[in-house]
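Notes for the one structure printed next.
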Amino acid sequence: MSAEADATATARKGAASALRVLGLPAVLIALWWWAAASSGSFFLTDPGTIAATFAEVWISERFLTDVLPSVGLLLTGYALAAVLGIGVGVPLGMSTRLRAAAEPVLEFLRAVPPPVLVPLLMLLVGLDTSMRAAVVVSGCVWPVLLNTVEGVRAVDPVLADTCRVYGIRGRRRLGVLVLRSASPQIAAGLRQALSIAIILMVISEMFASSSGLGYAVVQFQRSFAIPEMWSGIVLLGLLGVALSAVFARAERHALAWHRGLRAASRGE
């Protein structure tokens, strides 16, 4: 009976977990289906048609010609933004004078919307992958940089004094104290930058590209291929969910020590 009870409890927990994850999406899809059926609008396609079109359009050669290059562009721009944001943010966070000198310029650059830079980058860099990666970097770098600065500034002064007493300086201090203490805030900036990267990847391909997800969605819209257009939008959403899940898994692994520290401080 005990084994049967445990199996029943496990099954109930699994069903409850599946309901929490799939319940709201199922309700939204049902509402979407009802709205498409009742409206009769040419531009509002029902989920069944979109699913069939999705399989036809994207599980094909387009996956290699459009999806993979877009994902590569996104990851390249995101990685460059992460390196640049952390590389610039750490010295700015550690030096009050450097931060004060750079703040006006950084605030000016941060206020410029990245899509506005697309025509300028087209002239300066050209109509190639480098331009599109530069667009992604121009928007993704700011949440990483700003969160890195704030994370470095928030280093515990007691830990800083401890490192000084034990003679921990230079690169060792940077790795043991500064980056480790700032890593939760840096991770928050990287998570924000990930969603921005998807948006800017699509915008860059809409403006100046002959392939990619953004280009495909625009071409479908211009040719009134509405189910195909919706399938591209759904694919972008699924791409965002997949990247977010991968990032969350990596973050849990990298910051396991931080969760353990917080749990210990709460007495759990």
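The values are calculated or read from the model by the stated rules, or taken from the named source; none is laboratory data. Note that the structure is predicted; figures quoted are calculated from it, not measured. Because the Cβ atoms are built from the backbone with ideal geometry, glycine has one as well, and the counts that use them run over all protein chains shown. With ligands, DNA and RNA removed, areas are computed over all heavy atoms of the protein, side chains included. Shrake-Rupley method; radii C 1.70, N 1.55, O 1.52, S 1.80 Å.
Return yes when SER209 is in contact (Cβ under 8 Å) with a residue 24 or more places away in the chain, within 30 Å of MET122 (Cα to Cα) and assigned to a loop (DSSP other than H, G, I, E, B) and no when it is not. When the stated conditions are applied, SER209 passes them. With respect to the stated conditions, GLY175 fails to be on the phi > 0 side of the Ramachandran plot and modelled with pLDDT under 90. When ARG222, ARG259 are checked against the criterion of being open to solvent by 80 Å² or more (accessible area, probe 1.4 Å), closer than 30 Å to GLY48 by Cβ and charged (D, E, K, R), ARG222 stands alone in meeting it. Candidates in region 74-100 are the residues that are hydroxyl-bearing (Ser, Thr, Tyr) and part of a helix (DSSP H, G or I); of these, the one that is farthest from SER244 (Cα to Cα) is THR96.
Residue by residue, here is whether (1) at pLDDT below 90; (2) among the β-branched types (Val, Ile, Thr) holds:
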{"site": "PRO143", "(1), (2)": "no, no"}
{"site": "LEU146", "(1), (2)": "no, no"}
{"site": "GLY151", "(1), (2)": "no, no"}
{"site": "LEU159", "(1), (2)": "yes, no"}
{"site": "GLN185", "(1), (2)": "no, no"}
{"site": "ILE199", "(1), (2)": "no, yes"}
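Scanning region 68-113 for residues that are of a type in the set (Ser, Thr, Tyr) and open to solvent by 80 Å² or more (accessible area, probe 1.4 Å) gives a single hit, THR96. The residue that is nearest to the chain's Cα centre (by Cα), counting only those in region 159-177 that are of a type in the set (Gly, Ala, Ser) and over 21 Å from TRP257 (Cα atoms), is GLY170. Specify the residue that is surrounded by the most Cβ atoms within 10 Å (Cβ to Cβ); the eligible residues are those in region 23-48 that are in contact (Cβ under 8 Å) with a residue 40 or more places away in the chain and more than 17 Å from GLY237 (Cα to Cα). Applying the filter and picking the extreme gives PHE43. On inspection, THR65 does not qualify as more than 23 Å from the chain's Cα centre (by Cα), surrounded by fewer than 17 Cβ atoms within 10 Å (Cβ to Cβ), over 30 Å from ILE186 (Cα atoms) and hydroxyl-bearing (Ser, Thr, Tyr). Being modelled with pLDDT of 90 or more, under 16 Å from the mean Cα position of the chain (by Cα) and not hydrophobic (A, V, I, L, M, F, W, C) is a description that does not apply to GLY232. Is region 136-145 home to any residue that is in the same structural domain as ALA188 (by TED's automatic domain parsing), surrounded by fewer than 21 Cβ atoms within 10 Å (Cβ to Cβ) and of a type in the set (Gly, Ala, Ser)? No - not one qualifying residue is present in region 136-145.
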